[in-house]
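The structure appears right after this line, and notes come after that.
The values are calculated or read from the model by the stated rules, or taken from the named source; none is laboratory data. All values derive from a computational prediction rather than experimental measurement. Reconstructed Cβ throughout: ideal geometry from the backbone, glycine too, with neighbour counts over all protein chains shown.
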Amino acid sequence: MRKIKNEELDRLSVNGFKSSDKFPIVIVLDNIRSLNNIGSVFRTADCFRLDGIHLCGITAKPPHREIQKTALGATETVEWKYFENTDDSILALKESGFQVYSVEQVEKSISLDSFFPNKMEKYALVFGNEINGVSDKAVSLSDGYIEIPQFGTKHSFNVSVSVGIVLWQFMLHLK
């Protein structure tokens, strides 16, 4: 048994990525504090070939050395936009035909394992601040809510881990 070398993985080039069809998903980062989390989300968005990322509020923007540490170049491939507030991002996405879902623990949320994305829809997934979660206004503007099942004593995952979990579940149904 041997590990496969990077050059054997047949990955897209930067230009190939930019010209490829993307999965119709945009990640909305609502006031994320950690630069490492932001970079990790970029890297995950690249791995899943997403349509883009919206950086909102206090969420830092590339180029930034601390984002690059975890993004490993994904800020060069993944399209991103900055919005001063998350509400403007959500409204713009809705105008473009996206279904907006906040990933948050709220009344009437759908358990991730019971949510089945429609291949004909475009999705925006809102992930919130590491302490306060998705803002109340962003929640109120959302079309629905997805909650990740948890079984331990902690009440939340790290935001970049949450992005990976939710996207993997989406890809199981969209690919």
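Some points to look at:
- Members of segment 1-48 that are in contact with a helix residue (DSSP H, G or I) (Cβ under 7 Å, 6 or more places away or on another chain), over 22 Å from residue 119 (Cβ atoms) and in a helix (DSSP H, G or I): 14, 35, 36, 37, 38, 39, 40, 41, 42, 43
- Cross-chain or 6+ apart pairs with Cβ under 7 Å, segment 19-31 first and touching a residue at least 40 places away in the same chain (Cβ under 8 Å) and over 11 Å from residue 45 (Cα atoms), then surrounded by fewer than 24 Cβ atoms within 10 Å (Cβ to Cβ) and of a type in the set (Lys, Arg): 24/122
Each row is one residue, and each column tells you yes or no for (1) at pLDDT 95 or above; (2) under 21 Å from residue 37 (Cβ atoms); (3) of a type in the set (S, T, N, Q).
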| residue | (1), (2), (3) |
| --- | --- |
| 91 | yes, no, no |
| 96 | yes, no, yes |
| 100 | yes, yes, no |
| 118 | yes, no, yes |
| 130 | yes, yes, no |
| 142 | yes, yes, yes |
